[in-house]
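Note sheet for the following structure.
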Amino acid sequence: MKTAYVFATDGSEEVETIAPVDFLRRAGVAVKLVGIKSKNVELSHGVRVLCDAEFSQVENDPLPDLIVLPGGLKGAAGFHASKELENFVRRQMDSGNFVSAICATPAHVLARWGIINGKKWTCYPGCESAGDNRSEDRVVVDGNLITACGPGVSLEFSVAVVNALCGGKAADELAASTLTVLPRA
């Protein structure tokens, strides 16, 4: 069974956190919602979630097949401040396993850590001052890196991570069953 961690911290954006958890679970992926400092997390608009694990409980486990880093400026700042998370994400990227991020996080976390140098990526408009190779596309897949530009793209992003992990058939079925409208090529 494929595995994924969706990280959360105080200030992470709600839909960018929950949509990937939901879509990955619908696709049969074993997903853990992981709180960086605590299992109790207050997301950016006051929604409180109880995570499956704290980061300290999983950071030395075998790497999952995919990780998701949601956005939200405060959440991105919380991710960026964690040296342990940076080390974990570096190991994930270096292993060839999937790293995905949305909204402010590609620029304010991954680009600032230097993890996405040389890769094509996208982020929330106005966050792009960090890094190179930024795209205007809504969702960008470059090898094992998947990025998206913001909360309104959370369902497309979630379909993209399912596609990367489970294949096109599973992603197409998920998009159809959830009435997710994907952009035309």
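The values are calculated or read from the model by the stated rules, or taken from the named source; none is laboratory data. These numbers were taken from a predicted model, which means no experiment stands behind them. With ideal geometry, Cβ positions are generated from the backbone for all residues, glycine too; neighbour counts draw on all protein chains shown. Surface accessibility is based on the protein's heavy atoms, side chains included, excluding ligands, DNA and RNA. Shrake-Rupley method; radii C 1.70, N 1.55, O 1.52, S 1.80 Å.
With +1 on the Cβ of every Lys and Arg and -1 on the Cβ of every Asp and Glu, and nothing else charged, how large is the dipole of the range 56-114 about its Cα centre, in debye rounded to the nearest 20? Intermediate values should be presented prior to the final figure.
Values: 5 positive and 6 negative charges, 55 e Å.
For this selection, approximately 260 debye.
Given a Förster distance of 35 Å, report the FRET efficiency between Asn60 and Asn133 from their Cβ-Cβ distance, rounded to the nearest 0.05. Write down the numbers at each step before the final one.
On the way: r = 32 Å, r/R0 = 0.91.
Efficiency, rounded to the nearest 0.05: 0.65.
Restricting attention to the alpha-carbon atoms of the range 10-116, what are Rg (one decimal) and Dmax (integer), both in Å?
Considering the range 10-116 through its Cα atoms, Rg and Dmax are 12.7, 35 Å.
Could you work out how much longer the chain between Arg26 and Lys39 gets when fully extended? Use 0.36 nm per residue separation minus the Cα distance between them, nm to one decimal. Provide the component values of the computation, followed by the final result.
Working: separation 13, 0.36 × 13 = 4.68 nm, distance 2.25 nm.
Computed gain between Arg26 and Lys39 is 2.4 nm.
When only C-alpha pairs under 8 Å and at least 6 residues apart count, what is the relative contact order of the chain, in percent? Numbers along the way, then the final one.
Working: 402 pairs, mean separation 37.9, N = 185.
Across the chain, relative contact order equals 20 percent.
Can you give the FRET efficiency for Val47 and Ala77, using 1/(1 + (r/R0)^6), R0 = 22 Å, r = Cβ-Cβ distance, to the nearest 0.05?
Numbers: r = 18 Å, r/R0 = 0.83.
Step by step, r from the Cβ atoms, then E = 0.75.
Could you work out, for the range 91-171, what percent of all Cα-Cα pairs fall into each 5 Å distance bin, beginning at 0 Å and stopping at the bin that holds the largest distance?
For the range 91-171, the pair-distance distribution reads 3, 17, 29, 25, 16, 7, 1, 0.
Under a Cβ-only charge scheme (Lys and Arg +1, Asp and Glu -1), can you give me the dipole magnitude of the range 1-143 about the Cα centre, in debye to the nearest 20? Write down the numbers at each step before the final one.
Numbers: 16 positive and 19 negative charges, 21 e Å.
So the magnitude is around 100 debye.
If you roll a 1.4 Å probe over the chain with all protein chains in place, what percent of the accessible area is carbon or sulfur? Each step should come with its number before you reach the end.
On the way: 4140 of 8310 Å².
Summing carbon and sulfur atoms, their accessible area is 50 percent of the total for the chain.
Just list whichever of Lys2/Lys39; Lys39/Lys120; Lys37/Lys120; Lys39/Lys119; Lys37/Lys119 have alpha carbons separated by over 27 Å in the model shown. Working shown, then result.
On the way: Lys2/Lys39 23 Å; Lys39/Lys120 33 Å; Lys37/Lys120 30 Å; Lys39/Lys119 32 Å; Lys37/Lys119 29 Å.
Checking Cα-Cα distances, Lys39/Lys120; Lys37/Lys120; Lys39/Lys119; Lys37/Lys119 exceed 27 Å.
So how far, in whole Å, is the C-alpha centre of the range 138-185 from the one of the range 64-103?
18 Å
Counting Lys and Arg as +1 and Asp and Glu as -1, what is the net charge of the other residues whose Cβ lies under 12 Å from the Cβ of Arg134?
Values: positive: Lys119, Lys120; negative: Glu128, Asp132, Glu136, Asp137, Asp142.
Spelling it out: positives minus negatives among the neighbours equals -3.
Under a 1.4 Å probe, what is the accessible area of the range 60-185 per residue, stated in Å²? Numbers along the way, then the final one.
Values: 5610 Å² over 126 residues.
Spelled out: the 1.4 Å probe surface of the range 60-185, per residue, equals 45 Å².
So what is the relative contact order of the range 18-57, in percent, for Cα pairs below 8 Å that sit 6 or more residues apart? Mind dumping the intermediate values first?
Numbers: 50 pairs, mean separation 14.0, N = 40.
Once divided by the residue count of the range 18-57, the mean separation gives 35 percent.
So between Glu173 and Arg90, what do we pick up on full extension, going 0.36 nm a residue minus the alpha carbon distance? Walk me through the intermediate numbers first.
Values: separation 83, 0.36 × 83 = 29.88 nm, distance 3.18 nm.
Here the segment from Glu173 to Arg90 would lengthen by 26.7 nm.
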